[in-house]
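Let me begin by presenting the structure, written as structure tokens, before commenting on it.
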Amino acid sequence: MRRKRGSNHHSTGSLKNMTMLTLGDTILSMGAGTRELGKGALLSKNTTQVLGDILACRPPSQIPKIRGPSSSTSFRSQQRRPTSATHQMAESSNANAMVSGLKVSDILLPHPSLPNSMCLGPRSSESPAHLISCEANRIPFVNQNLDLTSWADCLRAWPNPPEGWVAWYTRVSKTHYATWETIGIADALSLSLSPLEKNENILKTIGYFWSDALNCFMFGHGPMTPTLLDVAMITGLDIASPSPSAFKLPKVPFTLSSKTECTSWGAYLKRYMKTKGPVTEREHTAFLNFWLEHFIFCGPSLAPTKNYLSLAYELAKGTRLGLGKLFLGEVYRSLQLMSVKLFSQRTVKTGGPWWFIQLWAQLYFQNQIPDFPPLTTCTFPDTDGREIRCTSYGQALYGLPGSRLIPKEAAGWFQIFFQGLSNPLFFPYTESENFENPVSFRLDSFADDASTRHLFSIMIRPCFLPVGMSTSNRITKPGYESYQPVIVARQLGLGQVPPHLFLHHLTASRAELPDILTGQRCYTFFDALAIPIPNNLSFTTTTDGFETWWTMWKTHAFRRALGPSLKQLDAEYDTTHQEQDGPEPKQADGSPFTFLPPAPVVLFCRNSPSLKQVIMQGQPISPKSASKNKASSGSVAPRASTQARKAVRKVAARKTLKRKAPVQDNLQTSTEENSSEDEHSHRRDMNPGDSERSTTQSQTDSPSSTRQRSAPEPAATPAPIKTGSRCDPSSLLTFDPESIEPAAPKASEGPSLEMVHGPLQRLKALLSSSIEILVENPEAIKGILDEIQPHLPMTLRVKLWPAATLSAFKSGVQSARQRITLRRAQLPLRADIAEKCQRLNEKKTALDAKTDTSANNAELETLRKELESLEEKVRMTKQLIQEKEAFIARSREEAQGLTADLKTDLAEIRELSGQLVTGKDEDDEAEIAEVDRIRADALHALDEFLQKNLPV
């Protein structure tokens, strides 16, 4: 059934009306680990509390360069005349929007040769040597033995519908299908109606090519990864609504059975599926919890859990959530956990949405699948089991055949992934006009649909994807995964340039989130980058300078011979032709290229600050709020004179110069719980850096990696934290770590307590005030913190920083205080209600004593059950009668048909019999022999006569 397209939720007018101010001046000055923005730096309202920059906590020598139009000249000042698509970008009021040093104009770049096409940035002008040194050997196919048996338990969680699910779907959809369409889950829910055949040969080989540092597959023809475009086109899940956060999900007002009570999904379905009456909120929540856990995220427990119960409850209420971003984040997290399992040589049993990885791989590698059918001709079952035309890419891909594990076929897929394709399919959605879904994203009306272009801008924008939807789970905590589409621009129809890994330089590529405020700002960090998409954009899969970047990756990561790997997968692989490893990579000066030893933690930019540091250190202060801070802080307590403050700055500057390297605050600490190894293995897989940090600390600072940096100044490194690392770094390094690590700063060089003693006392006095006063006027606290923040230890900064945001809780505090006042004023009313309730209970007791019908009700219930039993027997008997009558009628029809066939066959036999020659061959042969005997007698008589009368 064709669905109508919905209205554009994001019109062009709404995009133009977005509050966005431009960034004027850039860096005016940079000190020891800090930078100041010029007076012309005006920020969007959405980023006034989330703007942070890695440059704020890194020395100038380590600032990465981003090459693009914004770094040197504007689009108008390019040598070639701007095309129409480029012209629209240059004219846009959002072109200078900036978040954490990243501009809109850094993301969409003009294509050098195609007028209406664009390239996806930010663009890097640096060699990928340091990235390759850190991460090439961490890709599983480079450093791991290939063992297909280690995947035995990984693919058990598979989204096949159990018995009764289709009936439950039919019941609930009659009431809530309109709600599902509104919140963007109807398309994904429809996929649960069909079983999906598993292709084990693809799934058990493609994982070896996953790079958890880049969150992409490193195939022989280039990097590829599932994107938000793939999520929207295959599943139809919402990617535009706010990302769900475990900290903000409501508490479910009712309880559902856990794994201990319902040991299987079948038992869960029987417990919560109703057959009569309306669909309650409880049943709807249970239904969506089943769908999320079993069909979408495919948890490894293979039984009901509460991990997504709050999310299911929020969806059941009709709340629009960016479920597509959460889904893609969980896809990345599952692949990252798989990489850690392979590194530790443990069985891969992480569960996760592997079904989506299979559909994605089949779509992009369809030309390598024998007899791959046209997707527009595929069918999909409806609720009655009838095969109907597919309405989405997801439904079409669900009907593809699977394959059991066959070593020869698995080796064939590994060879395809390793060698790459001569003509890879980077953009497979050229036939999207033949599918009705998703209705919110229509590539066939890209030029006319502002909503489609808005969603496309989200797909090409970097962001932090949410993972983990339960705060009560001790193992899986809420966190984020990095989404960097710049690595796979061709999959989005944009030109591929050498990618600048902006998120790696900004913060850790993945981490857990500690609180609601950090989580909220994490998931909305890049929302201010409203990228205007030209309506005449032409999709392309070309490159601009990317070949050099990828050639270095190819020669370094794919240097080993393929034959030994294929032999590990297929014992019958012919190795008569011995393949040789490629030449060992060399540095530019001819010295051997140094690869860091493999580690379970991302090594590239691993010293980047945590996201909470970025948010805290990067909070901008507008001139208006700064003046308020000065006024309010001055009224609380006298401040030091200007000359005294300048002297403090000079002393700090001299100490910085004396150390010859800026001090970096190290917030990453390791806390281990005292529990068993099995209970915490899953959490260690998500954060392996806690146990390997001391091992990889000295590895990252090797001479080879230092040569790739823009300046040779070493950064101060903390002392290794003893967390039970698995190997000794000294056994892996070829040099003395102390030769490149600077000496630890002396205690006298730390911040002096005398500098901050007075402001801290004033801050203590302010915090001792009532909460009502603080939420009304927190500017005084902000002013003091701005003054002393550089002189405080980082741990104290983290604790004091939320106090400067108390104004955000003003309405909540006021509402809570009003409710308390009202409750106290309503004490007489409560007493009156209690007294009336007591009298009502007494009346009810008297009424029950006079009208006790429990016995009659029990008898009536028994009779009703007997009646239902009799009606069921009658219904079954009628059904049997109907079946017998139908069988007899069919038998008669079949008998008549058989009789006619028999008569026809008999007539044919008679006709053929008439054509037969009667008699026996023996009689005819005897007759011939009799005649021949006469001939023989005559011949014999003639011979005798001749012998007698004519002797020789």
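Here are the numbers:
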{"item": "Rough spin-label spacing in nm, given labels placed 7 Å along Cα→Cβ, for Thr851 and Thr149", "result": "7.3"}
{"item": "Residues with amide H under 5 Å from that of Thr543, placed H, sequence gap 5 or more", "result": "Gln496"}
{"item": "Charge tally in the Cβ shell below 12 Å around Lys878, where Lys, Arg are +1 and Asp, Glu are -1, Lys878 excluded", "result": "-1"}
{"item": "For Ile239, distant residues with modelled amide H under 5 Å away", "result": "Gly324"}
{"item": "Peptides ranked, highest mean first, by Cβ atoms within 10 Å: ranges 563-575, 516-528", "result": "516-528, 563-575"}
{"item": "Calculated from backbone phi, Karplus (6.51, -1.76, 1.60) coupling profile of region 362-368 in Hz, x at Gly/Pro", "result": "5, 5, 7, 10, 5, 6, 9"}
{"item": "Computed label-point distance, nm, for sites Ser301 and Thr795 using a 7 Å Cα→Cβ extension", "result": "3.5"}
{"item": "Amide proton proximity set for Ala511, modelled H, under 5 Å, gap of 5+", "result": "Tyr480"}
{"item": "Pairs of Lys in region 765-845 closer than 30 Å at Cα, counting only those 8 or more apart or on different chains", "result": "4"}
{"item": "Fewest-first ranking of Met218, Met469, using other Cβ atoms within 10 Å as the exposure measure", "result": "Met469, Met218"}
{"item": "Inter-probe distance in nm under a simple model that places probes 7 Å from Cα toward Cβ, at Asp932 and Asn160", "result": "7.3"}
{"item": "Theoretical FRET efficiency, 1/(1+(r/R0)^6), r = Cβ-Cβ of Asp923 and Glu885, R0 60 Å, to 0.05", "result": "0.50"}
{"item": "Unit charges on C-beta of K, R, D, E only; dipole of region 765-845, Debye", "result": "640"}
{"item": "Residue-span extension gain [Asp943 to Ala831] - 0.36 nm each, minus C-alpha spacing", "result": "25.1 nm"}
{"item": "Neighbour-count order for Lys274, Lys325, Lys198, fewest beta carbons within 10 angstrom listed first", "result": "Lys274, Lys198, Lys325"}
{"item": "Over 24 Å (Cα to Cα) - which of Lys276/Lys306; Lys341/Lys477; Lys274/Lys349; Lys325/Lys554 fall in this group", "result": "Lys276/Lys306; Lys274/Lys349; Lys325/Lys554"}
{"item": "Using a Förster distance of 51 Å, the FRET efficiency for Glu861-Arg819 (Cβ separation, nearest 0.05)", "result": "0.65"}
{"item": "Fewest-first sequence of Thr347, Thr853 by Cβ atoms within 10 Å of each Cβ", "result": "Thr853, Thr347"}
{"item": "Calculated FRET efficiency for the pair Thr594/Lys408, C-beta based, R₀ 45 Å, to 0.05", "result": "0.75"}
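Where a number appears in this text, it was derived from the coordinates with a stated rule and is not lab data. Predicted model, so just to flag it, every value in this text is computed and none were measured. Quick reminder, even Gly has a Cβ in these numbers, built from the backbone with ideal geometry, and neighbours come from all protein chains shown.
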